[in-house]
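K.L.:
Sharing a structure, written as structure tokens. Questions coming.
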Amino acid sequence: MDAPIVEADPAVRYGDNDESVASSTTSLTESIFDYRRLHGRPYQVSETTEYWAPVDQTQNEAFDLLHNVHLMVSDNKLFLSPIGENPAKVLDVGTGTGVWAIDFAHQYPSTSVIGTDISAIQPTWVPANAKFIIEDCLLEWTFPKNHFDFVHLRALYGCVPDWEALYAGVFDHVRPGGWFEHVEREVKIESDHVKIPNDHVFNEWANLFYTGGEKMGRSFAIAGEHWMKELMEKAGFEDIHERKIKMPMHGWPKDTNLRNAGFLAQLALDQSLDGLSTFLLTQVHGWDHEQAVVFTNKFRKESRKISNYGWIWTTVVNGRKPL
């Protein structure tokens, strides 16, 4: 993939700061909703899916941290599509905690912003021009066709059995001339500065997600290669642009902004690791909980090493519906 090598800080040496940047963890709060619970943590169940990450305060805070990391590695922009100054109607599909939709509503106070998700984990205090609806994007949408000026979708890897159908649904609901932007992260940690062996835990982790996604029929590899761009072309969008961004994991970059993004990304990863792995390892791969904990801690130990110079791909693809 074409992307420049992120320059490493020459002051970084092996063994320096090989620990989490988190000084503490956030305590788990009880959900007021009746979710399925695995090892004490709630997981959302809907008509079409059982979401593979927990929906509790610990996990949600980590996802909000990653939202800020996305901004930091994307020129502090909420989106890259040329949507114009006054979009009337915007939809955020799979909004999660709603942080992107809230930020967009603040930035565009005259725009009507809707966020949809299968979980009611969004805050109640939101801008007047934003609202959240519990809706499963894999079922028939309740919105009119040719309705939205801009549809945004981020981090639905491991959730969608038929990406072509989802893209077709987006195409139907974007107005002619409107834009669609899709943002996804990879699950494999790579490096430009050290050789990561095939049997390294980073590759073991990624392969477990890839094969787990295949078992579920919901790929975790959507950000790889140019699949999102090809899906957008097939759906009928035009003026398609693809951008591959390296998201540093830990504070090894020389660039100050990327270093801070890396620290924040490592904090988010460290806080979310148990939640990210539990469902996949125990419910999909059939591991016992103790085995999953040992493997996750092995991955955590390596992810805390600044000397791995790790990063992951983030893919951003956008396209316009023809007039």
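Where a number appears in this text, it was derived from the coordinates with a stated rule and is not lab data. Quantities reported herein were computed from a predicted structural model and do not represent experimental measurements. Please note: Cβ atoms are built from the backbone with ideal geometry, for glycine as well, and neighbour counts cover all protein chains shown.
K.L.:
Report the longest stretch of the chain that contains none of the chymotrypsin sites (Phe, Trp or Tyr not before Pro) sitting in a DSSP loop with at most 15 other Cβ atoms within 10 Å. Spell out each step's value before the answer.
P.N.:
Values: sites that count: TYR14, PHE33, TRP125.
Segment 126-323 is the longest.
K.L.:
Which shape class applies to the stretch 253-320: rounded if a/c is under 1.5, otherwise prolate when a/b exceeds b/c and oblate if not, where a ≥ b ≥ c are the square roots of the Cα gyration tensor eigenvalues?
P.N.:
Working: a/c = 3.06, a/b = 1.47, b/c = 2.09.
Because a/c hits 1.5 or more and a/b fails to exceed b/c, the stretch 253-320 counts as oblate.
K.L.:
Restrict the search to the stretch 53-152; then list the GluC sites (Glu not before Pro) that DSSP places in a loop and that have at most 15 other Cβ atoms within 10 Å of their Cβ.
P.N.:
Values: sites: GLU61, GLU85, GLU135, GLU140; in loops: GLU85, GLU135, GLU140.
For GluC sites (Glu not before Pro) across the stretch 53-152 that sit outside H, G, I, E and B with at most 15 neighbouring Cβ atoms in 10 Å, the list reads GLU85, GLU140.
K.L.:
Now, a different point. On a 0 to 90 degree scale, rounded to 10, what angle separates helix 289-303 from the longest Cα axis of the chain?
P.N.:
The angle comes out at about 90 degrees.
K.L.:
Can you check how the C-alpha radius of gyration of the stretch 210-323 compares to 2.2 N^0.38 Å, as a plain ratio? All intermediate terms of the calculation are to be shown ahead of the outcome.
P.N.:
Details: Rg = 17.5 Å, N = 114, 2.2 N^0.38 = 13.3 Å.
This ratio for the stretch 210-323 stands at 1.32.
K.L.:
What is the dipole size for the chain, taken about its Cα centre, with +1 at each Lys and Arg Cβ and -1 at each Asp and Glu Cβ, in debye to the nearest 20?
P.N.:
Numbers: 29 positive and 45 negative charges, 59 e Å.
The dipole of the chain has a size of about 280 debye.
K.L.:
What trypsin sites (Lys or Arg not before Pro) does the stretch 77-142 have in DSSP loop regions with at most 13 other beta carbons within 10 Å? Working shown, then result.
P.N.:
Numbers: sites: LYS77, LYS89, LYS131; in loops: LYS77.
Here the trypsin sites (Lys or Arg not before Pro) that fit, given the DSSP loop and packing criteria, are LYS77.
K.L.:
Right, here's the next one. Taking Cα atoms, how many degrees apart are the long axis of helix 57-73 and the longest axis of the chain, rounded to 10 and kept between 0 and 90?
P.N.:
That helix lies at roughly 80 degrees to the long axis.
K.L.:
Given 37 °C and 0.692 mPa s, compute D for the chain with the Stokes-Einstein relation, Rh being the Kirkwood radius over Cα pairs; round to the nearest whole µm²/s.
P.N.:
Values: Rh = 20.4 Å.
It diffuses with D of about 161 µm²/s by this estimate.
K.L.:
Another question, if that's okay. Can you put LYS195, LYS244 in order, fewest other beta carbons within 10 Å first? Don't jump to the answer; show the numbers that get you there.
P.N.:
Working: LYS195 6, LYS244 15.
If I rank by nearby Cβ atoms, fewest first, I get LYS195, LYS244.
K.L.:
Where does helix 163-173 land angle-wise versus the long Cα axis of the chain, in degrees 0 to 90, nearest 10?
P.N.:
Its long axis makes an angle of about 40 degrees.
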